[in-house]
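Everything on this sheet refers to the single structure shown next.
Read-outs throughout are calculated quantities, based only on the coordinates presented, and are distinct from any laboratory measurement. Computed from a predicted model, the values in this text were never measured in an experiment. Using ideal geometry, Cβ is built from the backbone for each residue, glycine included, and neighbour counts are taken over all protein chains shown.
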Amino acid sequence: MIHQYKQNGYNIVVDVYSGSVHAVDELAYDAIALVDAGTPRADIAPQLLAKYKDHPEVTQADIEDCLADIDELTAQGKLFAPDIYESHAFDFKNRSTVVKALCLHVAHTCNLNCEYCFAAQGKFHGDAGLMSFETGKRALDFLIENSGTRHNLEVDFFGGEPLMNFEVCKQLVAYARSIEKQHNKNFRFTLTTNGIGITDEVIEWANKECYNVVLSLDGRKEVNDRFRKDLAGNGSYDRIVPKFQKLVKARGGKGYYMRGTFTHYNVDFTNDLFHMADDLGFTELSMEPVVTAPGSPEALTEEDLPRLYDQYELLAKDMLRREKAGKPITFYHYILDLAHGPCVYKRISGCGSGTEYMAVTPWGDLYPCHQFVGDAAYKLGNVWDGVTNTALRDEFKLCNVYARPGCKDCWARLYCAGGCAANALHATGDIHGVYEYGCKVFRKRIECALMIKVAESLDPDLAPAHADLAPAEDCGDCGGCE
Amino acid sequence: MKHIQTLNTRDMAKSLNNGGCGECQTSCSCGIANQPCEKK
């Protein structure tokens, strides 16, 4: 399976099952399309000659040369590569998995009242509550006990608003640091916060202990304050922006993300990204489409999609401009490492929810991920007894891209691994379903991300800094670099 | 090749044999494709 598209002056061909990405000229673009359509070989050259009759530089010999290139890449397995992975996908139930990461819901309460919050203002459609140190301590022990020989363990302080239980966050990090060496583990803590509770003490702690922080900000003041309000209905922008700026400045280059949500009200979301970059000084950016009940006023619509596509392309082009100017910004969904990215096992198996990743409620219950918390049908167990609903865990083990009929003909299937199980459940009632709107947005983002990679490979102003993208010509293909 | 330039990408078929170590992070809303391989 291949995917062809044109963007920003580039003709791009993606070979789905080899992972190859090709930048081609117009003739090759048309020739590949004819081969893909099953056109008899004898008919291809006449059709191309007819199409390019006003282009004297396109000769019969040129076309034969182009078709020879296509044949060579096909023989190398880099074009029209077959799907050789499906049989592996169904061994997944018997594979051994370890728990790699926990999402600690240290607070099921919040000091903001954001109307679009999937967590129902932090309470996840249940009772408010704070995680005790004892429950959190047991969760960390559960992670160590179930992580096998894995060295790095990820723990995210989440909510609700985790800083409403900051003392327990500090105690849990101190506990983890006290035991990690004896277990040959390295805890990597992250914090996801709305910013209201940030103090100098929080900044010092986060910059010492958290290798990454996610800071929630929707962009322009009027956009942010439309939804991100406190319980009295007051917007949060003026209170949180100075705190975020102080925290980021103090991080000294350590990881962070400004994480915004865009809705039907700000389909021009690049203006929010550019506001955060140009007016506020943030360079690590993420902006996510709202996932909410269809028909709600903030829900994105089919009519919004063309505008969203334009916005994603505009962002990609602007990021290239900024890179050339020596002032790059990072957009979460455009980060791709083509040469050293994920193996096919990762690309099939997906995010790890329910098997490698679990969410822990303030009361110690385990769920497949933070978006399932509060749905009793998806309770896996608890941190004292472990995973008791093994049938549910096995269902998530098998919830890979090959288990979703809706993904069968999608060119992006090995870039998303079948998408988000929670979004699928909420959109279709089945974790094996497909959240089609999210798929459309995802495919556009991957097209843009790949275009950036092509530009970085071919644009003479950018290529010297991206030598890793250049193909190794005539390397003999010994496999040593793999 | 005159007509086609191929970027340097990880060979998916080969990763059947040299992948699957499980050292990479889980990957939530980086995403799968963005995930760096952490093989030792």
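Odds and ends about this structure:
- Qualifying residues in segment B:6-22 (those that are out of contact with any Pro (no Cβ under 7 Å at 6 or more places or on another chain) and polar (S, T, N, Q)) - the one nearest to A:Ser457 (Cα to Cα): B:Thr9
- Answer residue from segment A:142-169, given it is of a type in the set (D, E, K, R) and surrounded by 16 or more Cβ atoms within 10 Å (Cβ to Cβ) and is farthest from B:Lys39 (Cα to Cα) among those: A:Glu161
- Screening A:Leu458 against (1) closer than 25 Å to A:Tyr367 by Cα; (2) within 11 Å of another protein chain (Cβ to nearest Cβ) leaves a single unmet condition, (1).
- Filter result (surrounded by 14 or more Cβ atoms within 10 Å (Cβ to Cβ) and over 13 Å from A:Val290 (Cβ atoms)) within segment A:247-269: A:Leu247, A:Val248, A:Arg251, A:Lys254, A:Tyr256, A:Tyr257, A:Met258, A:Asp268
- Matching option when the condition is more than 14 Å from chain B (Cβ to nearest Cβ) and surrounded by 15 or more Cβ atoms within 10 Å (Cβ to Cβ), among A:Leu67, A:Leu27, A:Leu49: A:Leu49
- Of the criteria (1) farther than 21 Å from A:Met451 by Cβ; (2) more than 10 Å from every other protein chain (Cβ to nearest Cβ), which one A:Glu72 fails: (2)
- Segment A:336-362, subset among the aliphatic types (A, V, I, L, M) and within 20 Å of A:Glu447 (Cα to Cα), residue surrounded by the fewest Cβ atoms within 10 Å (Cβ to Cβ): A:Ala339
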